[in-house]
Amino acid sequence: MEDKEAYISKDNNDIAIPVTENDNKERKNNSQVVYPIISDGDAIGSVILLSKDANTKMSEVEYKVVQSAASFLGTQMEL
């Protein structure tokens, strides 16, 4: 997130960013969208959408939802 770039894992694969682990230290959620929250030019956090279903593939729709949420939160932090 330091680079202020969005990440989308369109396929459920091992390239996904590890965000959570289960009790066995295994990755549960591979299909994901990660978008940085930008406020005053700084990345202050991120919005992450994860899928519990192993067959889910993230698309442009999920990307736009996460992008809108991150944009809204970034705008609210500037006020």
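The values are calculated or read from the model by the stated rules, or taken from the named source; none is laboratory data. What you are looking at is a predicted structure, and each value in this text was computed from that prediction instead of being measured. Methodologically, a virtual Cβ is constructed for each residue, glycine included, from the backbone with ideal geometry; neighbour enumeration extends over all protein chains shown.
Among the residues of segment 28-77, what is the count of those that are among the charged types (D, E, K, R) and under 12 Å from the mean Cα position of the chain (by Cα)? Walk me through it before giving the result.
Step one: of segment 28-77, the residues among the charged types (D, E, K, R) are 28, 40, 42, 52-53, 57, 60, 62, 64.
Restricting the remaining residues to those that are under 12 Å from the mean Cα position of the chain (by Cα) gives 62, 64.
So the answer is 2.
Residues being farther than 21 Å from Asp3 by Cβ, among the hydrophobic types (A, V, I, L, M, F, W, C) and surrounded by 14 or more Cβ atoms within 10 Å (Cβ to Cβ): count how many of those fall in segment 51-79.
Count: 1.
Looking at segment 27-47, I want the residues that are under 11 Å from Met77 (Cα atoms) and in a strand (DSSP E or B) and have a partner that is at pLDDT below 90 and among the charged types (D, E, K, R) with Cβ atoms under 6 Å, at least 6 apart or on another chain. Which pairs are those?
As it stands, the answer is Ser39/Glu78, since those pairs meet every condition given.
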